[in-house]
1. Listing E271, E200 from the residue with the fewest other Cβ atoms within 10 Å to the one with the most, what is the order?
2. What percentage of all Cα-Cα pairs in the chain are separated by more than 28 Å?
3. Would you please classify the overall shape of segment 16-168 from the alpha carbon gyration tensor, given that a ≥ b ≥ c denote the square roots of the eigenvalues, rounded means a/c under 1.5, and beyond that prolate means a/b larger than b/c while oblate covers the rest?
4. Listed here are the pairs K71/K260; K71/K256; K68/K212; K68/K188; K71/K214; which of them are more than 30 Å apart at the Cα?
5. Mind listing which trypsin sites (Lys or Arg not before Pro) in segment 234-281 are in a DSSP loop and have 16 or fewer other Cβ atoms within 10 Å?
6. From the helices alone, meaning DSSP H stretches of at least four residues, give me the mean residue ellipticity at 222 nm for the chain, per-run term -39500 (n - 2.57), in deg cm²/dmol to the nearest 500.
7. For segment 119-191, run through the GluC sites (Glu not before Pro) and keep only the ones in DSSP coil with at most 14 other Cβ atoms within 10 Å of their Cβ.
8. Once you keep just the Cα pairs under 8 angstrom separated by 6 or more residues, what percentage relative contact order results for segment 16-168?
Amino acid sequence: MTVETYRHSGGIGALGIPLMCLGGGLTTVTLGVAYAYALAWIPFVYVSFLLTAGFGALVGLVVGICAKLGKVRNPLVAGIIGVFCAILGLYVAWAFDALARFGSDEIPGPMFAPDLLVEYIKYFYEEGFWGIGRANATVSGMFLAAIWAAEAIVLIGLAWLLSSGFISTHPFCENCQTWTNQSEGIAKINPPHGDVSVIEQLCDGQIDAISKFKLCDPEAADYIRIDTAICPTCTESNFVSVYVVETTQDKDGNNKVESKPLKQNMIVSSEETQRLSSILEELSAT
Ligand SMILES: [Zn+2]
């Protein structure tokens with residue numbers, strides 16, 4: 001028998017959509033204007049790409065936070081609103097592009113009208129307004145179009161990942177209409193003598209299997225991490241996740257900690273979470 005895991009109900013709190021649209025919309029319009037000026041003034045294409053990534057991530061994060069505040073248990077809807085906000089931000093950035101590049105003496109104002117904007121983008125495509133590399137060769141035509149496409153993919157992709165991802169693994173108690181309290185790393189454990197069968201038992205929802213593990217040293221590089229998510233007000237919503245954590249060193253000798261989920265948000269009973277705490281107490285006493 002395999003253990004059941006938490007799945008979002010798909011429900012959305014009454015304030016969910018208005019909050020995501022308002023928070024995401026205000027953020028993306030503000031950032032879109034700032035982004036247009038930053039791109040016009042900063043000549044380094046690498047810095048520009050970091051700005052693009054930051055723009056997309058921030059929009060996604062704000063939509064994700066609003067989704068949590070608005071009790072949105074629907075990552076698809078949060079993701080779609082995140083993407084919509086990113087597209088709006090990109091449009092605003094394009095509308096302000098000419099003004100940012102050529103100043104208010106030459107350009108009367110932002111170009112929100114689609115026909116005017118299309119004319120401007122065509123002109124930009126043919127002429128190219130910025131250069132790249134040591135020779136500072138002007139970028140135009142297909143190469144420029146490819147850079148624009150990459151920019152849009154990074155911006156929209158990150159907005160999607162963060163807006164939908166922010167709520168995707170956080171269990172919600174439908175009983176109490178509240179998010180559960182998540183505790184990361186309530187235990188760092190290792191199987192005895194590398195016996196992986198106990199990990200399988202644990203991932204099959206057998207909480208008692210933890211008694212066969214050993215607590216590992218707080219400084220350990222590789223271990224199994226146990227997280228819990230428990231409703232703060234009732235005994236109906238209790239979830240246990242199992243992660244494998246590995247520390248590797250990159251080529252500069254910096255530690256890189258990676259955690260991969262083995263099982264996320266297994267549905268357990270309130271008694272089982274109490275049993276988990278008492279097993280961990282016993283393990284730490286020995
Ligand atoms: Zn509850």
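Every read-out reported here was derived from the displayed coordinates using simple, explicitly stated rules and does not represent laboratory data. Computed from a predicted structure; not experimentally measured. Counting neighbours? That spans all protein chains shown, and the Cβs are built from the backbone with ideal geometry, glycine included.
1. Numbers: E271 11, E200 14.
If I rank by nearby Cβ atoms, fewest first, I get E271, E200.
2. 54 percent
3. Working: a/c = 2.47, a/b = 1.84, b/c = 1.35.
Cα axes put segment 16-168 in the prolate bin.
4. Values: K71/K260 26 Å; K71/K256 33 Å; K68/K212 37 Å; K68/K188 28 Å; K71/K214 38 Å.
Among K71/K260; K71/K256; K68/K212; K68/K188; K71/K214, the Cα-Cα distance tops 30 Å for K71/K256; K68/K212; K71/K214.
5. Working: sites: K251, K256, K263, R275; in loops: K251.
Here the sparse-neighbourhood loop sites are K251.
6. Numbers: 7 runs with 148 residues, N = 286.
It comes out at -18000 deg cm²/dmol, rounded to the nearest 500.
7. Hits after loop and neighbour filter: E174.
8. Working: 221 pairs, mean separation 57.1, N = 153.
Relative contact order, segment 16-168: 37 percent.
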